[in-house]
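**Student:** First the structure, which I've put down as structure tokens, then a few questions once you've had a look.
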Amino acid sequence: RFLIWRVGLRWYLVGIFLLAALILGGIALHILSGGSTPVLPAAGNPLWDIALTFTIFVLLGFLINTEEIAWRGFALPQLQSQYGPLAAALLIAIPEVTLHLPLFWIQDSFIQTVGIGWFSAFSMAVVFIYTYVFNSTKGSLLIVTLLHASQNAWSNLLSDNSPGPFHFTVVLTWVIAIGLIALTRGHLGYHTSETDIT
């Protein structure tokens, strides 16, 4: 599935920039609602430095992040062939969210700062988006891993872990997730012949 790379330029753009757009959108809504302007970690850095840092984070994501291999590489094709994509996404969301919850007890961790409920809501919403991207790219593990790695990269470059902007990002993420579910009538881009390959 990592070798499924001929999926069209738009999916590479989604993989690289979607989470940046959601984070920046959350910041913009936070400011428009009267919140203070957060100081972005990447603010003031030269473009080459931002690109280099982003690239390093993405490469590390490919090397050490095994979540996509487990959730989208193995579990999702098996589950959605039996229960359909919507139920499969829900079933994957449960362990995916649960496994991150112990981080809540780390002092000043991101989850502790933004709130365990908000973090869980975000994690559940992105599962539906990841499912749609996976199915729409013929089961490309390459693209969803890129999406996940860029999520971690942009959160380090564009977020100061302030709860307010993140809460708006969660709302935006759910708007997209619900929109995808509604527009695809729950199919989330699923086509048996393309994503059930082994």
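**Student:** Can you run the Rg to Rh ratio on segment 129-179? Use alpha carbon positions and the Kirkwood inverse-distance Rh.
**Tutor:** Numbers: Rg = 12.7 Å, Rh = 12.2 Å.
A ratio of 1.04.
**Student:** I'd like to check one number: the per residue accessible area of the chain, probe 1.4 Å, reported in Å² as a whole number.
**Tutor:** Working: 10150 Å² over 198 residues.
Accessible area per residue: 51 Å².
**Student:** For the chain, modelled as a Gaussian network with Cα springs under 10 Å, which listed residue fluctuates most, A121, A20, A182?
**Tutor:** Among A121, A20, A182, the largest GNM mean-square fluctuation belongs to A182.
**Student:** Same structure, new question: Could you pull the accessible area for W118 with a 1.4 Å probe, rounded to 10 Å²?
**Tutor:** 100
**Student:** Above 25 Å lies some portion of the pair distances; for the chain, what is it as a whole percent of all C-alpha pairs? Working shown, then result.
**Tutor:** Details: 6900 of 19503 pairs.
Across the chain, Cα pairs with separations above 25 Å total 35 percent.
**Student:** Using Cα centres only, tell me the gap between segment 52-104 and segment 169-187 in whole Å.
**Tutor:** Using only Cα atoms to place each centre, the spacing works out to 18 Å.
**Student:** Can you tell me the order of 72-80, 93-101 when each peptide is scored by its average per-residue count of other Cβ atoms within 10 angstrom, highest first? Walk me through the numbers before you get to the answer.
**Tutor:** Working: 72-80: 19.7, 93-101: 14.7.
Final packing ranking: 72-80, 93-101.
**Student:** Once neighbouring chains are kept in place and the probe is 1.4 Å, which whole percent of the accessible area of segment 48-198 is contributed by carbon and sulfur? Walk me through the intermediate numbers first.
**Tutor:** Working: 5040 of 7160 Å².
The nonpolar share, carbon plus sulfur, comes to 70 percent.
**Student:** Further, regarding this structure: Within a Cβ distance under 14 Å of L103, other residues only, what is the Lys/Arg minus Asp/Glu net charge?
**Tutor:** On the way: positive: none; negative: E67, E96, D108.
Result for the local shell: -3.
**Student:** Using Cα springs under 10 Å in a Gaussian network model of the chain, which residue among L40, L180, L63 shows the largest mean-square fluctuation?
**Tutor:** L63
**Student:** Would you please report the Å³ per residue occupied by the convex hull of the alpha carbon atoms in segment 54-122? It would help to have the intermediate numbers written out before the result.
**Tutor:** Details: hull volume 7.6 nm³, N = 69.
It is 110 Å³ per residue.
**Student:** Where does the charge balance sit around I92 when Lys and Arg score +1, Asp and Glu -1, over other residues with C-beta under 14 Å from its C-beta?
**Tutor:** On the way: positive: R72; negative: E67, E68, E96.
Local charge sum for I92: -2.
The values are calculated or read from the model by the stated rules, or taken from the named source; none is laboratory data. Please read all numbers here as calculations on a predicted model, not as lab measurements. Here Cβ is always computed from backbone atoms with ideal geometry, including for glycine, and neighbour counts include all displayed protein chains. The accessibility values were calculated without ligands, DNA or RNA, using every heavy atom of the protein model including side chains. Shrake-Rupley method; radii C 1.70, N 1.55, O 1.52, S 1.80 Å.
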